[in-house]
Amino acid sequence: MIDPKKVSPLLTNMSVDREIGRGPNGTVYQVTRRLDGKKMALKHIPIPANDAQTKALIYAGAVKNEAGAQRYYSTLVKGLKEELLAFNGIQNGANLLKFRGYQVDQKLVGTGFDVYLLSDWKQSLPAYLSSRVPTRLQAVNLAIDLCSALEQLRTAGLVHKDIRPSNIFLGENNHFLLGDLGLVKISELPYSA
């Protein structure tokens, strides 16, 4: 479990309630803002996920040593920050679940970084569908909301490359939001359809 005191200032005046999910790219926690009781989601992305990844980089000859690995991880974090700022900078992004803040800390032991992303807590599509069968109207609204999110990204010159049910969330007034990172600039995809 994440210690809010160690993720400061991002989690100042917040408590960590529970782990929501865990995947290959990180762990998501539900946190509560003590001031008003607002529920939020905190995603922790360790870069690298483990020390074996650093050893593999060195062994494969991609980098010479741990200092080279640290420089490589710095470029990954820089790209992640640029992606985050691009995502949050989209104008008229009504169907996008944006981030409220982020924090990047260098790991105290070993090489790499710990990245923390904070957003409003919203129920994921799989959790929503586990307790109800959607009506036809809700299914149509889901499709329309996702198309709107993709259009908002396209207008900003971006493509979301990680669209899956766990990255779709129920927003206000039964509208759906596309969230999480996984963006690429269209200009960087000259040979893809």
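The values are calculated or read from the model by the stated rules, or taken from the named source; none is laboratory data. Computed from a predicted model, the values in this text were never measured in an experiment. Here the Cβ is made from the backbone with ideal geometry for all residues, glycine too, and neighbour counts use every protein chain on show. In case anyone asks, the SASA skips ligands and DNA or RNA and just uses the protein heavy atoms, side chains included. Shrake-Rupley method; radii C 1.70, N 1.55, O 1.52, S 1.80 Å.
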For this session: Find all pairs meeting these conditions: Cβ atoms under 8 angstrom apart; at least six residues apart or on different chains; first residue within segment 157-175 and at positive phi; second residue hydroxyl-bearing (Ser, Thr, Tyr) and open to solvent by 90 Å² or more (accessible area, probe 1.4 Å).
Result: GLY157/SER187
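Name the single residue that is nearest to ASP120 (Cα to Cα) among those in segment 75-89 being of a type outside the set (A, V, I, L, M) and either without any contact (Cβ under 8 Å) to a residue 12 or more places away in the chain or surrounded by 15 or more Cβ atoms within 10 Å (Cβ to Cβ) (or both).
At the first step, the residues of segment 75-89 found to be of a type outside the set (A, V, I, L, M) are 75, 78-79, 81-83, 87-89.
Remaining after also requiring either without any contact (Cβ under 8 Å) to a residue 12 or more places away in the chain or surrounded by 15 or more Cβ atoms within 10 Å (Cβ to Cβ) (or both): 75, 78-79, 82-83, 87-88.
On the way: THR75: 27, LYS78: 23, GLY79: 23, GLU82: 20, GLU83: 18, PHE87: 15, ASN88: 13 Å.
The residue in question is ASN88.
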For this session: Quick one: count up the residues across segment 22-43 that are in contact (Cβ under 8 Å) with a residue 24 or more places away in the chain, open to solvent by less than 30 Å² (accessible area, probe 1.4 Å) and in contact with a Ser or Thr (Cβ under 7 Å, 6 or more places away or on another chain).
Result: 3
Problem set entry | Residue check, ASP120 touching a residue at least 24 places away in the same chain (Cβ under 8 Å) and surrounded by 18 or more Cβ atoms within 10 Å (Cβ to Cβ) | no
For this session: With respect to GLU66, determine if the residue is at pLDDT 90 or above, open to solvent by 80 Å² or more (accessible area, probe 1.4 Å) and not polar (S, T, N, Q).
Result: yes
Exercise. Residues in segment 146-193 that are touching a strand residue (DSSP E or B) at 6+ places or on another chain (Cβ under 6 Å) and more than 27 Å from TYR116 (Cα to Cα): how many?
Worked result: 0
Seminar exercise, completed: Among strands (runs of 3 or more DSSP E) entirely inside segment 85-193, those with 2 or more residues being closer than 26 Å to TYR73 by Cα are 99-106, 113-120, 158-160, 183-185
Exercise. Pairs under 7 Å by beta carbon, first residue within 16 Å of ASP114 (Cα to Cα) in segment 49-66, partner part of a helix (DSSP H, G or I), six or more apart or different chains?
Worked result: THR54/GLU66; THR54/ALA69
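Among the residues of segment 49-59, is there at least one that is closer than 18 Å to GLY182 by Cβ, open to solvent by 40 Å² or more (accessible area, probe 1.4 Å) and of a type outside the set (A, V, I, L, M)?
Start the filter on segment 49-59 by keeping residues that are closer than 18 Å to GLY182 by Cβ, which leaves 49.
Now restrict to residues that are open to solvent by 40 Å² or more (accessible area, probe 1.4 Å): 49.
Retained after the next criterion (residues that are of a type outside the set (A, V, I, L, M)): none.
No, every residue in segment 49-59 fails to be closer than 18 Å to GLY182 by Cβ, open to solvent by 40 Å² or more (accessible area, probe 1.4 Å) and of a type outside the set (A, V, I, L, M).
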